[in-house]
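A quick write-up on the structure given underneath.
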Amino acid sequence: MDATTNCVLPRYRVVRDEAACTGCAQCVRSCANGVHRLRKDPDRIVINSRACVNCQRCVVFCPELALTIRPWPQVGTGSSTWTAEAMADIAKQAQTGAVLLSSMGTPAPYPIYWDHLLLNASQVTNPSIDPLREPMETRVFLGSRPEILKINERERRVVEPLPPQLKLDVPIMFSAMSFGSISLNAQKALALAATELGTFFNVGEGGMHCDLEPFADHAFAQVASGRFGVDAHYLNTAAAIEIKIGQGAKPGIGGHLPGEKINSEVSRTRMIPEGSDAISPAPHHDIYSIEDLRQLIFSIKEATGYRKPVAVKIAAVHNAAAIASGMARTGADIIVVDGFRGGTGAAPKRIRDAVGIPVELALAAIDQRLRDEGIRSMVSLVASGSIRNSADVVRAIALGADACSIGSAALIAMGCHQCRDCSSGRCNWGIATQRAALTARLRPEEAAERVVNLVRAWTAEIQEMMGGMGINAVDSLRGNRLMLRGVGLNEKELDILGVKYAGE
Amino acid sequence: MTRRNIPREGEVRIPSGCAIAGIMDRSGARHDGGDILRSIALMHDRSNGLGGGFAAYGIYPDYADLYAFHIMYESREARAAAEAYLEHFYLCEKQERIPTEEHPAIKNPPDIWRYFMAPHPMRLAASGLDEAEYTMQHVFHINGKIEGAFVASSGKDMGVFKGVGYPEDIGAFYRIGDYRAWAWTAHGRFPTNTPGWWGGAHPFTLLNWSVVHNGEISSYDANRRYVEQFGYDCELQTDTEVITYLFDLLARRHGLSQQMAAHIMAAPSWREIDAMEPDRAAFETALRTVYASALVNGPFSIIVGSEEGLLALNDRLKLRALMVAEKGPMVYLASEQAAIQVVCPDAENVRSIEGGVPFVVQRDDVAAAKAGEAAENRAVRDWPLEHEVGVLPRKRREA
């Protein structure tokens, strides 16, 4: 065995029901990984299971339901320490000497605190509210506010105007996903959906493609460490600006979009030469401390005439509460905290699986810290990273968030099957790829409709849950931790989450 | 009074249903407690004997400039500790036991005292606070830190008489017929638990505020965590307490009118705002945005008393009953219409309070003075402090 010998076993086994298969070769056309190949003589389809990433495109599109994907059936060693995955990782690194890359949120079995928080409902002493009969308000505004509003009561007008605010008809936005990490069609779908829903999408750090400018009223422009695509036009076109300090899936490191993905469109949008690697440094090299962040925030505010809210996004890390409090004092209008189960287009596997903390704990700690300091009402707080359903949104708001952002969930609505192979650029669903043949599979209007359906369904569920609690405005849910009870949590976890145990 | 094993307000959150009533003479003429007693007594079935009380405004004209503290003590030690504390921070003009009358239905009352006091001028000046804030801090200290002492009321020319029992029995116990007030409110309580603690009865008060409330607000923790940012410790974990603090924050500290404070707490829906003309919509949007966490949700009906008069407010969906009627300078409020008609059979304009629309009754002299005031709110913290050294409380200088 030499250094190049591949000891890594396939992860999946693709099984074809030969009795059901009609040989239509839909699977062959579906798979950019070359799992299914048509062999002429004799006329049959052969399978290369090693190439399968479990994106399930062929399974979904097989008209005869003849395909299933199973785990590779090799038995493990029986060791809990040296699992098949642990050994496969070592084998890959022994073969390549490289950092292991992976994508999407960590699949590791860390606690998901959402699943340990139960919601309240009214019984007897106060009535639940029927959302079909009564208004059930999900609108929220994001931006900074004064502690005290100066008004003229007789004339019913505001004496000192508020800082710029974003109006969200639903407390759900779309997380930052750049052109480059996802396809332009996927971005267009999010832009269309955000516009339709009255919420916001985020162009990520890859600049804003000119095709997205018609939707810029519903766009966050991101300023990240690589500053790709950033100029005065970019900042002034968007509705709001987000400074990305960190991302939940890969706190503390930058990003690397390989040159082969920098085609002419990506090149133009990112304002970098075609074919060159797009490297986002780990830190912003003009932010080495909190006072530097203030300078960047105010540079952006100056550039946009103080007409746009500026958000700052951090990864949920150990000291998130203190960091967020500092951010609130630097002039950030919106604080975004991204939990470590959040997704990514590409991250070193060890970083994704080992760095950062769950968003639930970070969110609860940040909200409480801002309240302890009496500044929570003056800044908005957005939570993201592993929001899976409407109940997670309700839990996040009850813990203290003004709104949530969803990334993975929106992509799943478009077809993503969480195969975690985004970094290969061969996304069969046309989402995380720039190959024209693949991106053409994702039609923006159709994908947008699915995303809109998802958020509308969640909104209806949120309204039902709020109504059950006797609450008819999301304002009264925000930070309302009495509406939560913990199960299966220890004292310390309850303490950090600021919730009582079920039965208390 | 011995402490029972069942948790009290402050140790556990206890929802309760209730009866509330209020009677006010706009002219400022004072009336004894007979009518309010009969009004609340009629709604006997809306309470269950576990709490009743009254707030009265204008009862201490001889001491109108001094803070009148009503304090309930469960032990001699508690009284000694509280009096030593007050002696340090206040100059006391007069102190006495509040006269009470034995009543067969009133069991185990605490020792109840009242004090007429001015803030100690040197300590007030050294505190850097205005006298209302100074007094509020000391009320919080006594209630939170001195075991067995509870300040039932702490305003000027007003007082609260409350305890465990049906309100009509509590009224008889305190001899409220002997007091003359231009405004009265009353509360009969139906808690879902049996804490049996006198401090937990209502009205709840702070400074000149008194609040009686019927309902259970679903926004409680959102409201609590909002006001706690600004130093309001929600020790009792009751709706009434947090509503009182919201009024104090918005009306006293932020300088908004009581009506505007109530409007913020029961804000118009977005649907209504969207239908407004743009300037008005922008104004309402700004209020809802800045004061989003002051929105009170879930069923409630409240009567708020203050030196200005009474304010009644229902939740915006109108999930609790509250009636109002008038007769000459008199205004009557009650959970049930019959409770108004029993004391004023020929009351006029009998109607229910509309959901989310504050009903404000000001004393005539207050209304006249308000008409001449600036329409822009000015936060308390922006007023310059005038540090006078004298026995009587200093006044704020017009700036």
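The set of residues in the stretch A:377-395 that are within 11 Å of chain B (Cβ to nearest Cβ) and open to solvent by less than 10 Å² (accessible area, probe 1.4 Å) contains only A:SER380. Scanning the stretch B:1-28 for residues that are open to solvent by 40 Å² or more (accessible area, probe 1.4 Å) and modelled with pLDDT of 85 or more, we see that the one that is nearest to the chain's Cα centre (by Cα) is B:ARG26. Yes or no: B:GLY49 within 14 Å of another protein chain (Cβ to nearest Cβ) and either assigned to a strand (DSSP E or B) or modelled with pLDDT under 95 (or both)? Judged against the criteria, B:GLY49 is not a match. Looking at the stretch A:408-416, can you tell me whether even one residue there is closer than 25 Å to A:GLY246 by Cβ, open to solvent by 20 Å² or more (accessible area, probe 1.4 Å), small (Gly, Ala, Ser) and at pLDDT 95 or above? Checking the stretch A:408-416: at least one residue is closer than 25 Å to A:GLY246 by Cβ, open to solvent by 20 Å² or more (accessible area, probe 1.4 Å), small (Gly, Ala, Ser) and at pLDDT 95 or above. Scanning the stretch A:305-324 for residues that are in contact with a strand residue (DSSP E or B) (Cβ under 9 Å, 6 or more places away or on another chain) and either open to solvent by 20 Å² or more (accessible area, probe 1.4 Å) or over 22 Å from A:SER175 (Cα atoms) (or both) yields a count of 2. Set side by side, the residues B:LEU313, B:LEU295 differ, and just one is within 8 Å of chain A (Cβ to nearest Cβ) and closer than 15 Å to B:GLN259 by Cα, which is B:LEU295.
Applying the condition of being touching a helix residue (DSSP H, G or I) at 6+ places or on another chain (Cβ under 7 Å), of a type in the set (A, V, I, L, M) and under 25 Å from A:ILE375 (Cβ atoms) to the stretch A:118-149 and asking which residue is surrounded by the fewest Cβ atoms within 10 Å (Cβ to Cβ) yields A:LEU149. Name the single residue that is farthest from the other protein chains (Cβ to nearest Cβ) among those in the stretch B:365-385 being closer than 16 Å to B:GLN259 by Cα and of a type in the set (Asp, Glu). Looking at residues that are closer than 16 Å to B:GLN259 by Cα and of a type in the set (Asp, Glu), I get B:GLU373.
Residue count for the stretch B:257-292 satisfying the condition of being within 18 Å of the chain's Cα centre (by Cα), within 7 Å of chain A (Cβ to nearest Cβ) and open to solvent by less than 10 Å² (accessible area, probe 1.4 Å): 1. Please state which of the following conditions A:LEU454 fails to meet, knowing it meets all the rest: (1) under 20 Å from the mean Cα position of the chain (by Cα); (2) in a loop (DSSP other than H, G, I, E, B); (3) of a type in the set (A, V, I, L, M, F, W, C). If we test A:LEU454 against (1) under 20 Å from the mean Cα position of the chain (by Cα); (2) in a loop (DSSP other than H, G, I, E, B); (3) of a type in the set (A, V, I, L, M, F, W, C), just (2) comes out false. Looking only at residues of the stretch A:107-130 that are assigned to a loop (DSSP other than H, G, I, E, B) and touching a strand residue (DSSP E or B) at 6+ places or on another chain (Cβ under 9 Å), we find that the one that is farthest from the other protein chains (Cβ to nearest Cβ) is A:ASN120.
Scan the stretch B:217-236 for residues that are hydrophobic (A, V, I, L, M, F, W, C), open to solvent by 10 Å² or more (accessible area, probe 1.4 Å) and either assigned to a helix (DSSP H, G or I) or facing chain A (nearest Cβ under 7 Å) (or both) and the total you get is 1.
When each of B:GLY177, B:GLY165, B:GLY155 is tested for being over 15 Å from the mean Cα position of the chain (by Cα) and on the phi < 0 side of the Ramachandran plot, the lone residue that passes is B:GLY177. Tallying residues that are of a type in the set (Gly, Ala, Ser) and open to solvent by 30 Å² or more (accessible area, probe 1.4 Å) within the stretch A:233-291 yields 6.
Output the residue which, of all residues in the stretch B:303-339 that are outside any loop (DSSP other than H, G, I, E, B) and farther than 18 Å from B:ALA55 by Cβ, is nearest to the chain's Cα centre (by Cα). Per the criteria, the residue is B:ASN314. Would a scan of the stretch A:468-487 turn up a residue that is more than 26 Å from A:ARG29 (Cα to Cα), more than 10 Å from chain B (Cβ to nearest Cβ) and among the polar types (S, T, N, Q)? There is no residue in the stretch A:468-487 that is more than 26 Å from A:ARG29 (Cα to Cα), more than 10 Å from chain B (Cβ to nearest Cβ) and among the polar types (S, T, N, Q).
Among the residues making up the stretch A:470-497, those that are under 27 Å from the mean Cα position of the chain (by Cα), surrounded by 24 or more Cβ atoms within 10 Å (Cβ to Cβ) and not aliphatic (A, V, I, L, M) are A:ASP475, A:SER476, A:ARG478, A:GLY479, A:ASN480.
The values are calculated or read from the model by the stated rules, or taken from the named source; none is laboratory data. This one's a predicted model, so the numbers in the text were calculated from it and none came from an experiment. Because the Cβ atoms are built from the backbone with ideal geometry, glycine has one as well, and the counts that use them run over all protein chains shown. Remember, those area values only see protein heavy atoms, side chains included, never the ligands or the DNA or RNA. Shrake-Rupley method; radii C 1.70, N 1.55, O 1.52, S 1.80 Å.
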